[in-house]
Amino acid sequence: MNSKITVALFLIIGVVSFNSCKKTINGCTDPLADNYNSNATDEDNSCVYTPDLGESFGGGIVFYKDASGEHGLIAAPSDQSTGIQWYNGTYFQTNAIATLVFKGIENTNSIVAQQGDGDYAAKLCSDLVLNGFDDWYLPSKSELVELYNERVNVGGFERDYYWASTENNNDIEAFNDSLAWYMSFNDSLNGYKNCYYKNYPARVRAIRAF
C-alpha cells in the first residue's frame, strides 16, 4: 500500500476514535434559557424559559424571581378590593406569622382555616379564580415589599395602603390579636409599612407563585 495512503488512513481512524471517546454532556445548550449549561454538548430539551420582571406570565405579571430564575411570584393585573378588612369580625391570632418570600400561601391558608367563611382579605384571595388560575393568595410581609419595589412594572396600584397576610407578632400579646402588617404604595411615604388594626379597610392585590 502506498505510504501516503497508509498515513492518511491512520489519521482518519485516529480522528474518528478520538471523537467517539469524547464525553457526552446532556443539558440545555441555549444561552437564552434560564438554565443554560455552557458545558453541555447535547441538547436534552430541558431548557427553561421564564419571562423577565414586568412581563405577563401565569395569569398576571411577574414581579419577583429567585436566584435560579426558575421560580418567582406573579401579581394579579389589578386590585381585588379597594378596601376590605383583614379579619372576619373577631380579633384573635391565626398563626399567620410567616414573613418571607413564598410564605404568603401558608399565611393565607392558616387565616382561612382559622376564620372560615366571610368577607375578608385572605378569603378574597383564596377564592379568586383569575385567568385560568385558582392558587392566588394574600402576600406575606416580604412579598408585599417585593411587590412595592416592582409597582411601576406591575402597574394598577393606588396611592393607598395594601394588606399583607402577616399577622403582628411581638412581645405585647394583646396587639398580636388585633394587628396585621400593611404597606403604603404612596411614593411620598417611601415604602412605609407598619401594623394596623385588622378592621381597617385596606386594599388587596393577590399574588401566586411559579
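Bear in mind these aren't lab numbers, they're just calculated from the coordinates by the rules spelled out. Here the structure is a predicted model, which means the values were calculated and not measured. Cβ coordinates were reconstructed from backbone atoms using ideal geometry, including for glycine residues, and neighbour counts include every protein chain displayed.
Could you name the aspartates and glutamates in cross-link range of K103, using Cα to Cα under 15 Å and dropping any fewer than eight places away on the same chain?
D66, D135, E143, E146, E167
Provide the three semi-axes, in whole Å and in decreasing order, of the ellipsoid equivalent to the chain as defined by the square roots of 5 times the Cα gyration tensor eigenvalues.
So the equivalent ellipsoid measures 54, 16, 14 Å along its semi-axes.
Which peptide among 128-136, 44-52 comes first, and what is the full order, when sorted by highest mean count of other Cβ atoms within 10 Å?
Those peptides, ordered most packed to least, come out 128-136, 44-52.
Over segment 69-180, one equal point on each Cα, no solvent: what is log10 I(q)/I(0) by the Debye formula at q = 0.22 Å⁻¹?
Listed by q, the Debye log ratios stand at -1.34.
With only Lys, Arg, Asp and Glu charged, each at its Cβ (+1 for the first two, -1 for the last two), find how big the charge dipole of segment 56-209 is about the Cα centre; round to the nearest 20 debye.
260
List the residues whose amide H sits under 5 Å from the amide H of Y200, counting only those 5 or more places along or on another chain, with H placed 1.01 Å from N in the peptide plane.
Excluding prolines and chain starts, which carry no amide H, the hits are W86.
Work out from phi, with θ = phi - 60° and the Karplus expression 6.51 cos²θ - 1.76 cosθ + 1.60, the ³J(HN,Hα) of each residue of segment 34-49, listed in order in whole Hz, and give x for Gly and Pro.
So the J values, rounded to whole Hz, are 5, 10, 4, 10, 5, 8, 5, 10, 10, 5, 10, 6, 9, 4, 10, 10.
When ranked by the protection proxy of mean other Cβ atoms within 10 Å per residue, highest first, what sequence do the peptides 79-86, 32-39, 67-74 form?
79-86, 67-74, 32-39
Please give the calculated 222 nm ellipticity per residue for the chain, where each DSSP H segment of at least 4 residues contributes -39500 (n - 2.57) and the sum is spread over every residue; nearest 500 deg cm²/dmol?
That calculation yields -7500 deg cm²/dmol at 222 nm.
Which of V48, V154, F175 sits farthest toward the positive end of the charge dipole of the chain, with +1 on the Cβ of Lys and Arg and -1 on the Cβ of Asp and Glu?
V48
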